[in-house]
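Colleague: One structure is given below, represented as structure tokens, and several questions about it will come after.
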Amino acid sequence: MTAFAVPSSSPARSEAGEYRPGVCNIGPAEISRRRRTGHTGVIATVVLLAVLIAVHAPAITRLLLFLPAAGAAAGYLQAWLRFCAGFGWLGVLNFDEVGTTERVGSSEDRARDRATAFRIGLASATIGVAVAIAAFVLPA
């Protein structure tokens, strides 16, 4: 069993526009926003690594790549899963324009959303750590 609902033709995947506790809590506008966050994080990670290498910064400073790499991972995971971790923690959802939210009704649904939010956070942090360690061990 996987930690996430698998986005594919699987019945676990919700079509954008339909709230499913722990599975889908954002619509197309929010999904696009998360994808842009992923793109920004990747660009920031690459630029920061290039700068650190260009200025011959100590290898330990490459561990700073954790932050933009984890941010990129969070953005891409949320877009792929159609699930906002922040909304999951707050117990809200949004299938309308960016900036509007609606409260999740039941405590059971909020608990499912928090569990998915936690898994996204954990996966994002793990990816950030992996990128940071890979950058750390790169030859100077």
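Colleague: Just how large is the dipole of region 28-137 about the Cα centre, in debye to the nearest 20, putting +1 at every Lys and Arg Cβ and -1 at every Asp and Glu Cβ? Walk me through the numbers before you get to the answer.
Modeller: Working: 11 positive and 7 negative charges, 47 e Å.
The dipole magnitude comes to about 220 debye.
Colleague: Tell me which label goes with the value of Rg and Dmax of the Cα atoms in Å computed from the coordinates here: (1) 25.0, 87; (2) 16.2, 56; (3) 16.9, 53.
Modeller: (3)
Colleague: Can I ask one more? Answer with one residue from ILE26, ILE53, PHE83: the one whose Cα lies farthest towards the positive end of the charge dipole of the chain, charges on Cβ with Lys, Arg +1 and Asp, Glu -1.
Modeller: Farthest towards the positive pole: ILE53.
Colleague: Can you compute the charge dipole magnitude of region 94-140 about its Cα centre, using +1 on each Lys and Arg Cβ and -1 on each Asp and Glu Cβ, nothing else charged? Give it in debye, rounded to the nearest 20. Could the numbers behind the result be given before it?
Modeller: Details: 5 positive and 6 negative charges, 58 e Å.
The calculation lands at about 280 debye.
Colleague: A further question follows. Give, as a single signed number, the net charge of other residues whose beta carbon lies under 10 Å from the beta carbon of LEU90, with Lys and Arg counted +1 and Asp and Glu -1.
Modeller: On the way: positive: ARG103, ARG110, ARG114; negative: ASP113.
The answer is +2.
Colleague: Between PHE118 and ILE43, what length in nm is gained on full extension when 0.36 nm per residue of separation is reduced by their alpha carbon distance?
Modeller: Working it through step by step, the gained length comes to 24.5 nm.
Colleague: On full extension of the chain, what length is gained from TRP80 through ARG103, given 0.36 nm per residue of separation minus the C-alpha to C-alpha distance? Walk me through the intermediate numbers first.
Modeller: Working: separation 23, 0.36 × 23 = 8.28 nm, distance 2.23 nm.
That pair, TRP80 and ARG103, stretches by 6.0 nm at full extension.
Colleague: Would you calculate, for the chain, the mean residue ellipticity at 222 nm contributed by helices, counting each DSSP H stretch of 4 or more residues as -39,500 (n - 2.57) and dividing by all residues, to the nearest 500?
Modeller: On the way: 4 runs with 80 residues, N = 140.
Taken over the chain, the calculation gives -19500 deg cm²/dmol.
Colleague: Moving on. Can you find, among LEU63, GLY99, ALA117, the residue farthest towards the positive end of the dipole of the chain? Put +1 on the C-beta of Lys and Arg, -1 on that of Asp and Glu.
Modeller: Of the options given, the answer is LEU63.
Colleague: Taking the Cα centre of region 28-137 as the origin and placing charges on Cβ (Lys, Arg +1; Asp, Glu -1), which of ALA135, ALA73, HIS39 is farthest toward the positive end of the dipole?
Modeller: Farthest along the dipole direction, towards plus: ALA135.
Only the coordinates and a few stated rules stand behind these numbers; no lab work does. What you see is a predicted model, and the numbers here were worked out from it, not measured in a lab. Every residue, glycine among them, receives a Cβ derived from its backbone with ideal geometry; neighbour counts consider all protein chains shown.
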